[in-house]
Amino acid sequence: MNDTLLWRIRHFVYQHFADATRPPSIEETAAHFNISTEEAGKYYKELHNRHALFLDLENLTVRMANPFSGIPTDFKVHANGKTYYANCAWDMLGIPAALHTDAVIEAVCTESNEMVKLEVRDGHVTLSGA
């Protein structure tokens with residue numbers, strides 16, 4: 001396995017999340033690197049084994065590339081005119097940091113089931129509207 005390609009694939013996954021708000025499919029990754037889907041799958045599995053990504057192993061879809069979630073969650077981050085999903089409350093703060101941008105965050109508090117809105121501006125977090 002080519003370690004350089006492994007980390008280039010990881011970077012591609014993250015860049016795809018940033019650009020498209022979703023992970024690339026195994027087919028998109030294979031096409032981007034001009035490799036077979038089988039080879040791309042091996043690289044995805046290796047990234048999963050190294051805890052660089054978390055896969056749904058049945059269909060080799062990226063479920064998580066922290067702080068990004070590959071599935072809708074209760075942690076929405078609105079940034080750069082797009083909506084991203086975070087895996088948890090910590091990750092919802094990690095997305096604006098990873099993107100180096102301001103954001104509005106909407107999250108459902110798991111204890112009270114209330115909507116919480118936060119704003120990240122210039123690296124500072126406040127309650128939205130506060």
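Restricting the first member to segment 7-27 and to residues that are in contact (Cβ under 8 Å) with a residue 12 or more places away in the chain, and the second to residues that are charged (D, E, K, R), the beta-carbon pairs closer than 7 Å and six or more apart or on different chains are Thr21/Lys82.
Quick grid of which residues meet (1) at pLDDT 95 or above; (2) assigned to a loop (DSSP other than H, G, I, E, B):
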| position | (1), (2) |
| --- | --- |
| Tyr85 | yes, no |
| Trp90 | no, no |
| Ile95 | yes, no |
| Thr101 | yes, yes |
| Ile105 | yes, no |
| Ser112 | no, yes |
| Val116 | no, no |
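Just so you know, in segment 1-46 the residues that are over 23 Å from Ala86 (Cα atoms), open to solvent by 80 Å² or more (accessible area, probe 1.4 Å) and of a type in the set (Asp, Glu) include one that is farthest from the chain's Cα centre (by Cα), and it is Glu38. Yes or no: segment 94-109 includes at least one residue that is over 18 Å from the mean Cα position of the chain (by Cα), open to solvent by 60 Å² or more (accessible area, probe 1.4 Å) and of a type in the set (A, V, I, L, M, F, W, C). The answer is no, given that none of the residues of segment 94-109 is over 18 Å from the mean Cα position of the chain (by Cα), open to solvent by 60 Å² or more (accessible area, probe 1.4 Å) and of a type in the set (A, V, I, L, M, F, W, C).
Where residues in segment 86-130 are without any contact (Cβ under 8 Å) to a residue 24 or more places away in the chain and hydroxyl-bearing (Ser, Thr, Tyr), which of them is nearest to Met64 (Cα to Cα)? Ranking the candidates gives Thr101 first.
Going residue by residue through segment 59-72, is there one that turns out to be polar (S, T, N, Q), more than 13 Å from the chain's Cα centre (by Cα) and either within 28 Å of Glu46 (Cα to Cα) or in a strand (DSSP E or B) (or both)?
Quick first cut of segment 59-72, residues polar (S, T, N, Q) only: 59, 61, 66, 69.
Cutting the leftovers down to more than 13 Å from the chain's Cα centre (by Cα) gives us 59.
With the extra rule that they be either within 28 Å of Glu46 (Cα to Cα) or in a strand (DSSP E or B) (or both), the set shrinks to 59.
Within segment 59-72 (the criterion being polar (S, T, N, Q), more than 13 Å from the chain's Cα centre (by Cα) and either within 28 Å of Glu46 (Cα to Cα) or in a strand (DSSP E or B) (or both)), the answer is yes, since at least one residue qualifies.
The values are calculated or read from the model by the stated rules, or taken from the named source; none is laboratory data. Predicted model, so just to flag it, every value in this text is computed and none were measured. Here the Cβ is made from the backbone with ideal geometry for all residues, glycine too, and neighbour counts use every protein chain on show. Quick note on the areas: whole protein, heavy atoms, side chains included, nothing else; ligands and nucleic acids left out. Shrake-Rupley method; radii C 1.70, N 1.55, O 1.52, S 1.80 Å.
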